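Q: My questions all concern the structure below.
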Amino acid sequence: MRFTLNVDHVATLRNARGEQQPDPVTFALMAEQFGVDGVVVHLREDRRHVNERDVRLLREMITTKLDLEMAAVDDIIDIACDVLATLVPEKRQELTTEGGLNVIDNVDQLKSAIERLHEAGILVSLFVEPDIEQIDASAGIEADMIEIHTGNYANAETEEEMFEELDRIRLAARHAKKLGLSVNAGHGLNYNNITDFLVVDDIDEVSIGQAVIARSVFVGLEKAVKEMRELINNR
Ligand code: PXP
């Protein structure tokens with residue numbers, strides 16, 4: 001299973017004082033050295049973390065894989081370069097992405113965004129709930145992959161709830177694979193909940209941000225990445 005690192009929080013820290021440091025691009029390059037399989041950033045309409053400069057440099061310098069999370073809106077699509085794009089719902093007031101896209105209700109907008117991105121040679125992933133109908137709709141508009149929202153799994157309050165959510169994710173991932181979609185997963189995955197999550201087959205890649213960046217503040221990026229990598233490899 002591949003492990004990609006979201007470095008948005010490094011940019012947030014930089015922006016807090018309007019300074020140049022810590023630089024998310026340097027951080028991303030170091031994370032590659034320490035073994036992540038790719039780097040994820042969310043270019044938000046309000047630019048609260050990464051900006052165009054970051055995306056441009058990451059695009060030039062990342063040698064693994066760059067995944068740009070973005071809303072399916074024209075001016076962001078204009079900036080999206082030849083990277084992987086993950087389309088996510090975006091609300092100005094949210095602290096972080098709050099859930100999957102409603103693909104069924106937004107077929108026209110998403111279909112035209114996917115067509116534009118495909119014309120530019122960009123593979124497109126849709127961030128969705130582990131919901132069979134949303135996944136069918138994603139395949140129907142030619143998404144290349146989906147990213148399953150794991151927030152409900154991560155926030156489950158009881159073991160029973162957690163295992164129920166894992167079952168939903170397992171069925172959803174299997175269904176997506178049968179439709180020929182690649183399957184990523186992310187949101188709220190951390191050092192404590194990743195091991196139980198790894199029993200789910202059919203997940204090609206996990207996308208993790210907060211937990212690894214937060215741990216790196218205490219133990220350094222190399223150790224934080226390597227610890228997560230080890231948990232993922234021991235599945
Ligand atoms: N996947 C998507 C689509 C996200 O929006 C985020 C958060 O930016 C993540 C994965 C990573 O989530 P976390 O920071 O909770 O690991």
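The values are calculated or read from the model by the stated rules, or taken from the named source; none is laboratory data. These numbers were taken from a predicted model, which means no experiment stands behind them. We place every Cβ from the backbone using ideal geometry, glycine too, and count neighbours over all the protein chains shown. When the accessible area is computed, the model is the full protein with side chains, heavy atoms only, and any ligands, DNA or RNA have been set aside. Shrake-Rupley method; radii C 1.70, N 1.55, O 1.52, S 1.80 Å.
Q: Return the sequence-ordered ³J(HN,Hα) values of the range 110-116 in whole Hz as given by the Karplus equation 6.51 cos²θ - 1.76 cosθ + 1.60 applied to θ = phi - 60°, using x for Gly and Pro.
A: 6, 4, 6, 5, 5, 4, 4
Q: Fully extended, how many nm does the chain gain between ASP201 and LEU29 (0.36 nm per residue separation, minus their Cα-Cα distance)?
A: Length difference between fully extended and current span is 59.0 nm.
Q: So who's got an amide H within less than 5 Å of the one on LEU66, skipping anything under 5 residues away but keeping other chains? H placed 1.01 Å off N, in plane.
A: VAL39, LEU84
Q: Between SER125, MET145, ASN51, whose Cα lies farthest towards the positive end of the dipole of the range 32-186 when Lys and Arg beta carbons carry +1 and Asp and Glu beta carbons carry -1, centred on the Cα centre?
A: About the Cα centre, the residue reaching furthest to the positive side is ASN51.
Q: In the full protein assembly as shown, how much of ARG116 is accessible to a 1.4 Å probe, in Å² to the nearest 10?
A: Probe radius 1.4 Å; accessible area of ARG116 about 90 Å².
Q: Can you give me the solvent accessible area of PHE34 with a 1.4 Å probe, rounded to the nearest 10 Å²?
A: About 40 Å², ignoring ligands and nucleic acids.
Q: What list of ³J(HN,Hα) values in whole Hz, one per residue of the range 197-205 in order, does the Karplus curve 6.51 cos²θ - 1.76 cosθ + 1.60 (θ = phi - 60°) give from phi, with Gly and Pro shown as x?
A: My calculation for the range 197-205 gives 5, 5, 6, 6, 6, 6, 9, 7, 7 Hz in order.
Q: Show me the three semi-axes of the equivalent ellipsoid for the chain, from the C-alpha gyration tensor (sqrt of 5 times each eigenvalue), largest first, rounded to whole Å.
A: Computed over the chain, the values are 25, 23, 16 Å.
Q: Got a number for the accessible area of LYS111? Probe 1.4 Å, square angstrom, nearest 10.
A: 80
Q: Using Cα centres only, tell me the gap between the range 158-235 and the range 1-56 in whole Å.
A: 20
Q: Just to compare against my own numbers: the Cα pair-distance distribution for the range 25-162, 10 Å bins, whole % per bin, please.
A: Percent of Cα pairs in each bin: 12, 39, 35, 13, 1.
Q: Turning to a different aspect of this structure: Within the range 1-46, what whole-number % of the accessible surface is contributed by carbon and sulfur, with the 1.4 Å probe and all protein chains included in the calculation?
A: 48
Q: Pull out the extension gain between THR63 and ASP46, defined as 0.36 nm times the separation in residues minus the alpha carbon to alpha carbon distance; nm, one decimal.
A: That pair, THR63 and ASP46, stretches by 3.4 nm at full extension.
Q: Scanning the chain for GluC sites (Glu not before Pro) in DSSP loops with at most 10 other Cβ atoms within 10 Å, what's the longest stretch left with none?
A: The longest uninterrupted stretch comes out as 20-156.
Q: OK, next. Calculate what fraction, in whole %, of the accessible area of the range 77-235 sits on carbon and sulfur atoms when a 1.4 Å probe is rolled over the protein chains.
A: C and S atoms contribute 46 percent here.
Q: Another one. Students sometimes get this wrong: rank MET61, MET1, MET145 by accessible area, probe 1.4 Å, all chains present, largest first.
A: MET61, MET1, MET145
Q: A follow-up question, please. Spelling out what I want: for every residue of the range 158-172, take phi, set θ = phi - 60°, compute 6.51 cos²θ - 1.76 cosθ + 1.60 (Karplus), and round to whole Hz; glycine and proline get x.
A: Per residue, the Karplus-derived 3J(HN,Hα) values read 10, 4, 4, 4, 5, 6, 4, 5, 4, 5, 4, 5, 4, 5, 5 Hz.
Q: Another question, then. Write down the accessible area per residue of the chain in Å², having rolled a 1.4 Å probe over the full set of protein chains.
A: Accessible surface, normalised per residue, equals 47 Å².
Q: Here's another thing I want to ask about it. Can you tell me what share of the DSSP beta bridges in the range 110-235 is antiparallel? A percent to the nearest 5 is fine.
A: Once the DSSP bridges in the range 110-235 are tallied, antiparallel ones form about 0 percent.
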